[in-house]
Amino acid sequence: MSGLSFFADHCVSNYVIRTLRDRNHEVFRLRDHIPPDSPDMHVMAKAQELGAILLSLNGDFADIVTYPPSDHKGIVALQVANHPEVIPQMMGRLNMYLSAHPQMAYYEGKLILVEAHRIRMRQ
């Protein structure tokens with residue numbers, strides 16, 4: 001696989017996973033590795049173990065106090081805010097961003113916040 005590796009939290013839709021896989025990214029599904037109701041710390045630990053960027057809609061992972069970006073392989077937080085209709089637009093924006101930054105090392109220690117109209121990065 002030539003793309004990036006992601007660990008998709010239980011809240012990530014099949015549409016998001018398919019969209020990333022269609023771009024040759026590897027996407028591990030949470031349910032294939034740990035129970036869906038696993039605590040957030042276990043979810044993050046599994047992403048680390050797999051050497052993958054955590055992909056989530058769970059706003060908890062965007063908390064840089066609880067999950068300091070410097071401690072992780074990378075976090076991509078999709079900021080849907082109860083508006084799932086923006087997901088296709090967000091994925092278009094995210095795919096352009098991923099194409100511009102195709103190396104796993106780029107994401108290490110970063111939190112990428114994907115919104116409908118912008119992408120922000122925190123370190």
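The values are calculated or read from the model by the stated rules, or taken from the named source; none is laboratory data. Since the model is a prediction, treat every value here as computed from it, not as a measurement. As a convention, Cβ positions derive from the backbone with ideal geometry for all residues, glycine included, and neighbour counts pool all protein chains shown.
Details
- Residue in the range 29-45 that is over 11 Å from the mean Cα position of the chain (by Cα), outside any loop (DSSP other than H, G, I, E, B) and of a type in the set (Val, Ile, Thr) present: yes
- Residue in the range 17-28 that is surrounded by the fewest Cβ atoms within 10 Å (Cβ to Cβ), counting only those that are out of contact with any strand residue (DSSP E or B) (no Cβ under 7 Å at 6 or more places or on another chain) and not in a loop (DSSP other than H, G, I, E, B): 22
- A single entry from 91, 121, 96 fulfils the requirement of being part of a helix (DSSP H, G or I) and closer than 20 Å to residue 9 by Cβ: 91.
Table: residues versus (1) touching a Gly at 6+ places or on another chain (Cβ under 7 Å); (2) exposed (fewer than 14 other Cβ atoms within 10 Å of the Cβ); (3) over 16 Å from residue 92 (Cα atoms).
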position: 9; (1), (2), (3): no, no, yes
position: 32; (1), (2), (3): no, yes, yes
position: 35; (1), (2), (3): no, yes, yes
position: 38; (1), (2), (3): no, no, yes
position: 53; (1), (2), (3): yes, no, yes
position: 61; (1), (2), (3): no, no, yes
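- Qualifying positions in the range 52-62 - assigned to a loop (DSSP other than H, G, I, E, B) and at pLDDT below 85: 58
- Across the range 48-89, the qualifying residues are those that are of a type in the set (D, E, K, R) and under 17 Å from residue 38 (Cα atoms), and the one among them that is nearest to the chain's Cα centre (by Cα) is 60.
- Which listed residue, of 86, 80, 76, is within 17 Å of residue 26 (Cβ to Cβ) and either assigned to a loop (DSSP other than H, G, I, E, B) or touching a residue at least 12 places away in the same chain (Cβ under 8 Å) (or both): 76
- Selected residue [at pLDDT below 90 and part of a loop (DSSP other than H, G, I, E, B)] from 65, 12: 65
- Of all residues making up the range 40-71, the number that are more than 12 Å from residue 9 (Cβ to Cβ), out of contact with any strand residue (DSSP E or B) (no Cβ under 7 Å at 6 or more places or on another chain) and not small (Gly, Ala, Ser): 8
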